[in-house]
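Okay, so here's the structure we're looking at.
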Amino acid sequence: MRGSLPEDLRDVLPRAELDVEAALEKVRPICDDVRHRGAAAVRELTARFDGVEIASARVPAEALKGALAELDPRVRAALEESIRRARLVHRDQRRADVTTEVVPGGTVTERWVPVDRVGLYVPGGRAVYPSSVVMNVVPAQEAGVGSLAVASPAQKEFGGLPHPTILAACALLGVEEVYSVGGAQAVAMFAYGTEDCAPVTMVTGPGNIYVAAAKRLLKGVIGIDSEAGPTEIAILADETADPVHVAADLISQAEHDTIAAAVLVTTSAELADAVEKELPGQVSATKHSGRITEALSGKQSGIVLVSSIDDGLKVVDAYAAEHLEIHTAGAAAVAARVRNAGAIFVGTYAPVSLGDYLAGSNHVLPTGGCACHSSGLSVQSFLRGIHVVDYSRDALAGAAAHVSVLADAEDLPAHGAAIRARFDWRVPE
């Protein structure tokens, strides 16, 4: 992309394909089955998709306590520090009620009220994600949500329970309501409720394409945070960047999935060449080299050469990455110019891996370019702003004529009549 940038910039950049529409037709009968047959459907679907027979989806309290008791002390210490840092950041996101006096005797107060009950989804499969327990639960708790439940897929090797590290993370956070359910059936269980699980008002958390499709299908029955797609990292770098660090960070996100996206945007052809030479050695030395190689060689990944940092900023804003790293001279100033990203990581010592676990930020972030209009999970995700209007008789009288005129202009005369009914007068002809 040296030279002038194409007008259809967003369309020509690498991007993973995620056909949620096609998945909708697969999840529709699953969700309908859970709606009509409840817990029996959840058990049968768990047997079909996870290969596990469960007597009940609810995880016993003893299993949560046992998982915490048996947790590796080093993992426990790391999770406790992750929780501590996440609480610091998310506690500062709390909103205060604000009252505005519009006119004497007329006020509007914005009250911030948490949703009543949330279902938090934690993926299982290629990896274990206790960090996702932290990232979902902490903002919900800090928002003041009164009732929350976690669902994570049943694991055959753990007797039909979620991975014990997931259970231990729930126990550390004081979550007592946990379910051995994954996929679309977990979203449907939360949305419609079953004999085991009361319905929720909102579902959050990342998942595979079937979780994303179920969220889209049931949006309206429940509120959702987003339709999370494959993870993605973009790195904006210049000649000052270290190719070893850049390669390592691209690999770190490609490790998640064969369709994970890793994109380098750089002004330096020399850096691009150095990163390409660095990648094979680092990939071969890591555990999931096959998965990473497929992700890095897929059409969703690549290197984009640009003429200037200004053009690089245009590219990364068009891409609107879930994770964006800045490896340039004056990285903080460059980061301040970014408009579209789920989270921005500034300089050499703030890699995405830090944000995944311990930065204090949230790692449940918009994917697929949705960062141009959506935010990551936060306390705000679980709050609703409610306007409370309180006007005295005199304050209403001062607005009455204007309301009547505007109501008539919109051909809604009963609106004006509702105002005039409170007073013994008419709007002058």
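Structure notes:
- Among the residues of the stretch 239-249, not a single one is in contact (Cβ under 8 Å) with a residue 12 or more places away in the chain and over 30 Å from G281 (Cβ atoms).
- Elements of type helices (runs of 4 or more DSSP H) contained in the stretch 17-134, each with 1 or more residues being within 25 Å of the chain's Cα centre (by Cα): 20-37, 39-50, 73-91
- Residue within the stretch 264-278 that is in contact with a Pro (Cβ under 9 Å, 6 or more places away or on another chain), over 30 Å from D33 (Cβ atoms) and crowded, with 21+ Cβ neighbours inside 10 Å present: yes
- Residues located in the stretch 133-146, provided they are crowded, with 24+ Cβ neighbours inside 10 Å and either touching a His at 6+ places or on another chain (Cβ under 7 Å) or modelled with pLDDT under 95 (or both): M135, V138, P139
- Any hit, the stretch 239-252, residues being crowded, with 20+ Cβ neighbours inside 10 Å, among the acidic types (D, E) and over 20 Å from P130 (Cα atoms): yes
- Among the residues making up the stretch 283-341, those that are of a type in the set (D, E) and either surrounded by fewer than 18 Cβ atoms within 10 Å (Cβ to Cβ) or free of Cβ contacts under 8 Å to residues at least 12 places away in the same chain (or both) are E294, D310.
- Residue within the stretch 69-76 that is surrounded by 15 or more Cβ atoms within 10 Å (Cβ to Cβ) and out of contact with any strand residue (DSSP E or B) (no Cβ under 6 Å at 6 or more places or on another chain) present: yes
- If you check A168, A127, A86 for being out of contact with any strand residue (DSSP E or B) (no Cβ under 8 Å at 6 or more places or on another chain) and at pLDDT below 95, only one passes: A127.
- Among the residues of the stretch 22-31, those that are touching a residue at least 60 places away in the same chain (Cβ under 8 Å) and either within 16 Å of E227 (Cβ to Cβ) or surrounded by fewer than 19 Cβ atoms within 10 Å (Cβ to Cβ) (or both) comprise A23, L24, K26, V27, R28, C31.
- Long-range neighbours under 7 Å by Cβ, at least six apart or interchain, first residue under 27 Å from K314 (Cβ atoms) and without any contact (Cβ under 8 Å) to a residue 40 or more places away in the chain within the stretch 363-391, second buried (at least 18 other Cβ atoms within 10 Å of the Cβ) and of a type in the set (G, A, S): G376/G342; G376/A343
- Boolean, E195 is more than 24 Å from V134 (Cβ to Cβ) and either not assigned by TED's automatic domain parsing to the domain that holds R37 or not hydroxyl-bearing (S, T, Y) (or both): yes
- Those helices (runs of 4 or more DSSP H) lying entirely in the stretch 296-388 with at least 2 residues out of contact with any helix residue (DSSP H, G or I) (no Cβ under 8 Å at 6 or more places or on another chain) and closer than 30 Å to V115 by Cα: 352-357
The values are calculated or read from the model by the stated rules, or taken from the named source; none is laboratory data. These numbers come from a predicted model, not from an experiment. Reconstructed Cβ throughout: ideal geometry from the backbone, glycine too, with neighbour counts over all protein chains shown.
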